[in-house]
1. Report the FRET efficiency, 1/(1 + (r/R0)^6), for Cys19 and Glu79, where r is their Cβ-Cβ distance and R0 is 41 Å, rounded to 0.05.
2. I need the Debye-formula profile for region 18-123: one equal scatterer per C-alpha, no solvent, reported as log10 I(q)/I(0) at q = 0.10, 0.19, 0.21, 0.22 1/Å, two decimals.
Amino acid sequence: MTASDDRKQLVDQYSEDACFVIDSLEQIGSRWRLIVLHDLQDGEKRFNELKRSTDASSRTLSRVLDDLQEMDFVTRRLEEDAPVATYYSLTEKGMSLCPVFEEVERWGQKWIGDSDAPDEAPD
């Protein structure tokens, strides 16, 4: 195997690894999906609770919840007692994103943070 072959193999491996990152971000990457997934970390919520806490329109929230349900990030529960209520919660797949959100939040605090904060980032 030549040095050129070794480099090509490394590039191919890097591209393959990057594809997982890109594919993951494409699945969860829309602004509204991230907002809803993050909001549901606190537990099951009714549609109107999500609407208030995310500030999404009914149409947007409904579309996003349908997408997240289809991708198995969110589950829907209908309670037919008066008044009828629809509840949403994270599935196991959705819950697996909680540590990812925590890490992204830590990264954001360190590298994006408040512009008035000292130059030294927190650990």
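1. Efficiency, from the Cβ-Cβ distance: 0.50.
2. For the requested q values the scattering log ratios are -0.35, -0.98, -1.12, -1.18.
Where a number appears in this text, it was derived from the coordinates with a stated rule and is not lab data. Values in this document were obtained by computation on a predicted structure and should not be read as measured data. FYI the Cβ positions are ideal-geometry reconstructions off the backbone, even for glycines, and counts take in every protein chain you see.
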